[in-house]
Amino acid sequence: MSYLIAVTGKGGVGKTTVSSLIVKQLVAMGKTPVLAIDADPNSCLDAALGVKAEKTVGKVREEAKQKVNKGLSEGISKQDLLQLKISESLVEATGFDLIAMGRPEGAGCYCYANNVLKSVIGKLSSQYPYVVLDNEAGLENLSRRIVQKVNLLVLVSDQSNSGLETLKRLYSLAHEMEIKYDKLLIVVNRMRKSDLSAKAQEVKEFTHADDVIGLPDDLEIAAFADDGQSLGGLSDDNVVIKKIYDLVKNI
Ligand SMILES: Nc1ncnc2c1ncn2[C@@H]1O[C@H](COP(=O)(O)OP(=O)(O)O)[C@@H](O)[C@H]1O
Ligand SMILES: [Mg+2]
């Protein structure tokens, strides 16, 4: 059984940053291999992790579909073909593998392909002790059950009242969609003061979160992002790294 960590929150709050740092810490602690899933078409988890995803799952799904339309060679099922294709889009790195979902390409119905995809991703995930899912803003990937059950749901926000309000909406949505998780963690990112606000505490209570942690607005991280560098090179005494270390240690 793999331990699944899903990270979500609205756009630009630091989901990809937090996801990549969780992957980095899991790898550093030897909890390998980790499967990192980039489920945000507008995201670049690969760059944050210092690798390059050449082909997204959306792309291979389209290729598989075209191949099926042309006719398959005997003895190969659609499921086998997609499985084969998806393994082509897996990027292998030291301690972790990465797969980028991309967006569905081309026109037409994807219901069948989506169902196959779910089962293939499900099967792939089960081969890893830890899976980290970097989601787009919202819960669609979880509701579509690309992954079955979340062990740790991480809701990321900036410190603004409106950002924190969004987390309450996400929480309510998760309940409407019957998304199941064992543990809920609130991350208030890019904080410019040291103490968590009353609003952050209120959100913690509203969501019955197991914990709320604050991550400072960090010059080193901002500089790495400005230069397009992966976060792999951040120093171990970076404050954000230390906090992510504590987070990973406690799961
Ligand atoms: N704690 C932080 N300190 C400084 N910059 C940060 C921090 N967290 C995220 N950033 C920067 O904020 C921007 C958005 O972060 P990102 O992780 O891509 O957000 P999201 O995935 O939610 O869209 C990036 O440029 C990133 O480097
Ligand atoms: Mg992102």
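Going down the list K70/K149; K24/K59; K10/K59, which pairs span over 31 Å between their C-alpha atoms? The partial results should precede the final answer.
On the way: K70/K149 36 Å; K24/K59 27 Å; K10/K59 25 Å.
Violating the 31 Å Cα-Cα cut-off are K70/K149.
Angle check, please: helix 161-176 long axis (alpha carbons) against the longest principal axis of the chain (alpha carbons), in degrees 0 to 90, nearest 10.
Result, in degrees: 50.
Show that you can apply the helix-only estimate: for the chain, add -39,500 (n - 2.57) for every DSSP H stretch of four or more residues, divide by all residues, and state [θ] at 222 nm to the nearest 500.
-13000 deg cm²/dmol
When averaged across all projection directions, what area in nm² does the alpha-carbon convex hull of segment 173-251 cover? Walk me through the intermediate numbers first.
On the way: hull surface 27.0 nm².
Over all viewing directions, segment 173-251 projects a mean Cα-hull area of 6.8 nm².
State, as an integer percentage, the relative contact order of the chain based on alpha-carbon contacts under 8 Å between residues 6 or more apart.
Details: 445 pairs, mean separation 69.9, N = 251.
28 percent.
For K65, give me every one of the aspartates and glutamates with a C-alpha distance below 13 angstrom, ignoring sequence neighbours fewer than eight places off in its own chain.
List returned: D80, E105.
With no solvent and one equal point scatterer placed on each C-alpha of segment 3-249, evaluate the Debye formula and give log10 I(q)/I(0) for q = 0.12 Å⁻¹, two decimals.
Per q value, in the given order, log10 I(q)/I(0) is -0.68.
Rounded to whole Å and ordered largest first, report the semi-axes of the equivalent ellipsoid of segment 1-57 derived from its Cα gyration tensor (root of 5λ).
On the way: eigenvalues 66, 39, 26 Å².
Ellipsoid semi-axes (Å, largest first): 18, 14, 11.
When a footprinting reagent is the concern and you count Cβ atoms within 10 Å, what order do K199, K193, K24 take, fewest first?
Arranged by neighbour count, lowest to highest, K199, K193, K24 become K193, K199, K24.
Mind listing the phi-derived Karplus ³J(HN,Hα) values for segment 122-136, rounded to whole Hz, using 6.51, -1.76 and 1.60 with θ = phi - 60°, and x for any glycine or proline?
x, 5, 4, 4, 5, 7, 10, x, 10, 10, 10, 10, 8, 8, 6
Readers should treat all values here as calculations from the given coordinates under stated rules, not as data from a laboratory. Keep in mind that this is a model prediction, so the values were computed, not measured. Glycine gets a Cβ as well: all are built from the backbone with ideal geometry, and neighbour counts include every protein chain shown.
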